[in-house]
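Here's the structure we're looking at; comments come further down.
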Amino acid sequence: MAARRISSLLSCSLSYSSLLPKGRFCGVGRVVSGYSTSAGIENPINPSIKVHCTQLLINGNFVDSASGKTFPTYDPRTGDVIAHVAEGDAEDIDRAVCAARKAFDGGPWPKMTAYERSKVLFRFADLLDKHIEELATLETWDNGKPYEQSAKIELPMISRIIRYYAGWADKIHGLTIPADGPHLVQTIHEPVGVAGQIIPWNFPLLMFAWKVGPALACGCTIVLKSAEQTPLSALYAAKLLHEAGLPPGVLNLVSGFGPTAGAALASHMDVDKLAFTGSSETGKIVLELASKSNLKPVTLELGGKSPFIVCKDADVDKAVELAHFALFFNQGQCCSAGSRIYVHEDVHDEFIEKAKARALKRSVGDPFKAGVEQGPQIDSEQFEKILMYIRSGIESGATLITGGDRLGSKGFYIQPTVFANVKEDMLIAQDEIFGPVQSILKFRDMDEVIRRANSTRYGLAAGVFTNDLDTANTLSRALKVGTVWINCYDVFDAAIPFGGYKMSGQGREKGVHCLSNYLQVKAIVAPLKNAAWI
């Protein structure tokens with residue numbers, strides 16, 4: 001659900017801040033000031049918990065990095081430091097991989113019965129439910145998403161994912177296959193070994209569950225690198241997983257940066273499989289490092305520029321609300337965000353006015369305050385990148401309907417922004433902005449909107465809003481994306497596979513399909529002597 005979600009593996013070659021005018025915050029056209037802004041941006045609520053887990057987790061113990069270095073993790077509401085976290089590098093990755101290899105080759109985890117492994121995961125899910133307040137507070141404090149979203153939506157999804165894969169642990173089995181001759185042929189599914197996993201900053205705990213759940217259910221051991229922007233919640237969750245009975249070395253967690261820890265993990269010769277969620281640009285580098293090392297298999301869940309198509313028969317009020325959610329959820333920092341809104345010409349003008357009104361009603365403020373829909377962006381780099389794209393939209397001729405500037409004088413808050421008269425060749429229609437910027441485009445007929453919706457390098461998801469079954473069926477089959485939501489959006493059930501076409505990735509997360517990412521299939525053939533039947 002994710003995101004560039006840039007869990008940066010390597011530093012990006014493009015420095016967004018270098019493209020902006022100098023100065024801490026750069027305005028881009030103050031169009032409106034009527035947002036439903038929560039009183040709390042200037043005086044944020046002080047979280048009630050203390051941060052305890054800041055070290056690396058290697059071989060069942062929290063330890064300092066080999067270098068002794070730490071790095072700060074920041075509160076996006078203010079830019080203030082929350083805590084200093086151990087900074088892992090290549091040496092720490094090697095320590096973690098060695099622990100994971102020892103746990104896989106000689107430890108109890110892969111040799112446990114699948115039922116025993118499932119019980120550990122079920123206990124972990126129970127602990128997640130018990131510690132919702134602490135986990136949700138860390139997630140919001142480090143990331144900036146609304147606390148109500150963390151506690152009431154995401155944490156229940158996370159424990160559900162873990163229980164889903166706990167249920168799968170003892171249901172992974174092979175086949176008995178009839179052969180053309182007197183042979184007994186069977187297949188078995190073996191854990192792939194040591195899995196390297198790199199998760200992003202936009203949904204830290206949810207991506208932790210998407211990665212860790214299936215890998216542990218299959219009997220793998222793990223080295224996981226968290227995003228340097230949001231290390232805190234994953235460390236706390238990893239502590240709970242060990243309280244649930246996970247043996248030492250099965251899950252190792254290294255906080256650190258892309259060029260050091262991330263690159264070392266992707267290129268490590270003793271990592272058997274790699275899973276990455278992040279930007280398409282970084283995904284290419286991950287794939288290259290994996291292929292140049294030991295040719296380890298890689299699954300990639302990457303960027304998106306998802307179309308949301310509003311047909312002429314749509315209930316406009318409902319379509320506006322759903323399109324608003326599809327784009328602005330999680331501050332727009334969602335890989336599947338419906339960021340290209342195609343609206344039929346018959347309802348286009350009405351949609352524009354109502355989209356503007358809905359954006360102006362959006363409550364933006366301190367994410368710990370009740371009723372807030374939108375918190376700050378993750379950090380100053382993402383904040384300035386979004387403003388750069390807004391400025392690009394204005395300069396390229398799109399009509400800024402509302403928004404377009406920062407909100408408040410503290411933190412990384414951006415006004416909910418709506419553009420109309422957007423064309424496909426504009427950057428705001430092609431690039432993944434990863435922020436609260438809605439682009440609205442007009443279309444005339446079915447063939448046109450299919451062609452235009454598919455005219456992107458991405459293929460992660462799409463939304464279709466229509467009351468006509470034939471229209472829904474035609475669009476859902478014609479759109480070159482991994483998920484199509486019809487009259488809904490961002491439905492992420494644990495059993496529904498998620499992944500993309502084209503540059504949105506390879507492989508699938510969630511559901512039964514994800515298990516194959518962490519399994520090897522072995523064929524076993526033996527002769528049959530004096531068989532009564534073949």
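The values are calculated or read from the model by the stated rules, or taken from the named source; none is laboratory data. Quick caveat, the model's predicted, so the values are computed rather than measured. FYI the Cβ positions are ideal-geometry reconstructions off the backbone, even for glycines, and counts take in every protein chain you see. Only protein heavy atoms, including side chains, enter the accessible area calculation; ligands, DNA and RNA are left aside. Shrake-Rupley method; radii C 1.70, N 1.55, O 1.52, S 1.80 Å.
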For the chain, give the magnitude of the charge dipole about the Cα centre (Cβ charges: +1 Lys/Arg, -1 Asp/Glu; no others), in debye to the nearest 20. 580
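In Å², what does the accessible area per residue of segment 368-446 work out to with a 1.4 Å probe? Write out the running numbers ahead of the final one.
Details: 2420 Å² over 79 residues.
In whole numbers, segment 368-446 has 31 Å² accessible per residue.
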Note the angle between two axes, namely the Cα long axis of helix 280-292 and the longest principal axis of the Cα atoms of the chain, as a number of degrees from 0 to 90, rounded to the nearest 10. 20
For Tyr342, what residues show an amide H to amide H distance below 5 Å, using hydrogens built from the backbone and excluding near sequence neighbours? Phe308, Ile309, Val310, Leu441
Quick one: check the C-alpha center-to-center distance for segment 436-471 versus segment 148-168, whole angstrom. 31
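Could you pull out the trypsin sites (Lys or Arg not before Pro) across segment 481-534 that fall in loop regions by DSSP (anything but H, G, I, E, B) with no more than 14 other Cβ atoms inside 10 Å? Provide the component values of the computation, followed by the final result.
On the way: sites: Lys502, Arg508, Lys510, Lys522, Lys529; in loops: Arg508, Lys510, Lys529.
Here the sparse-neighbourhood loop sites are Lys529.
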Descending accessible area (1.4 Å probe), largest on the left, turns Arg406, Arg95, Arg362 into Arg95, Arg406, Arg362
Nearest 10, in degrees from 0 to 90: the angle of helix 90-106 to the longest Cα principal axis of the chain is 40
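Report, in cubic angstrom per residue, the convex hull volume of the C-alpha atoms of the chain. Mind dumping the intermediate values first?
Details: hull volume 82.9 nm³, N = 534.
Dividing the Cα hull volume of the chain by its residues yields 155 Å³.
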Which of the listed residues, Ala290, His348, Gly463, is farthest toward the dipole's positive end in the chain, when Lys, Arg count +1 and Asp, Glu count -1 at the beta-carbon? Ala290
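Residue separation times 0.36 nm, minus the C-alpha to C-alpha distance between Ile524 and Lys130: what's the value?
Values: separation 394, 0.36 × 394 = 141.84 nm, distance 4.43 nm.
Between Ile524 and Lys130, full extension yields 137.4 nm more.
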Between Asp94 and Asp470, what is the label-point separation in nm under the 7 Å Cα-to-beta-carbon projection? 6.6
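Between Glu243 and Asp425, what length comes free when the chain is fully extended (0.36 nm per residue of separation minus the Cα-Cα distance, one decimal in nm)? Don't jump to the answer; show the numbers that get you there.
Values: separation 182, 0.36 × 182 = 65.52 nm, distance 5.25 nm.
Full-extension gain reported as 60.3 nm.
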Helical mean residue ellipticity (222 nm; -39500 (n - 2.57) per DSSP H run of 4+; nearest 500) of the chain: -10000 deg cm²/dmol
Just going by the charge dipole of segment 306-481, with Lys and Arg at +1 and Asp and Glu at -1 on Cβ, which of Ser380, Phe328, Gln438 is farthest out on the positive end? Ser380
Going by accessible area, probe 1.4 Å, with all protein chains left in place, what is the ranking of Ile534, Ile58, largest first? Ile534, Ile58
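Counting only protein heavy atoms and a 1.4 Å probe, tell me what percentage of the chain's accessible area is made up of carbon and sulfur. Intermediate values should be presented prior to the final figure.
Numbers: 10730 of 20080 Å².
With neighbouring chains kept in place, the figure for the chain is 53 percent.
Kirkwood hydrodynamic radius for segment 306-481: how many Å is it when counted over pairs of different Cα atoms? Walk me through the numbers on the way to the answer.
On the way: mean 1/r = 0.0617 Å⁻¹.
Answer for segment 306-481: a Kirkwood hydrodynamic radius of 16.2 Å.
Hey, what did the chain get for relative contact order, percent, Cα under 8 Å, at least 6 apart?
Answer for the chain is 22 percent.
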Cα pair count fraction exceeding 16 Å, expressed as % - segment 207-249: 35
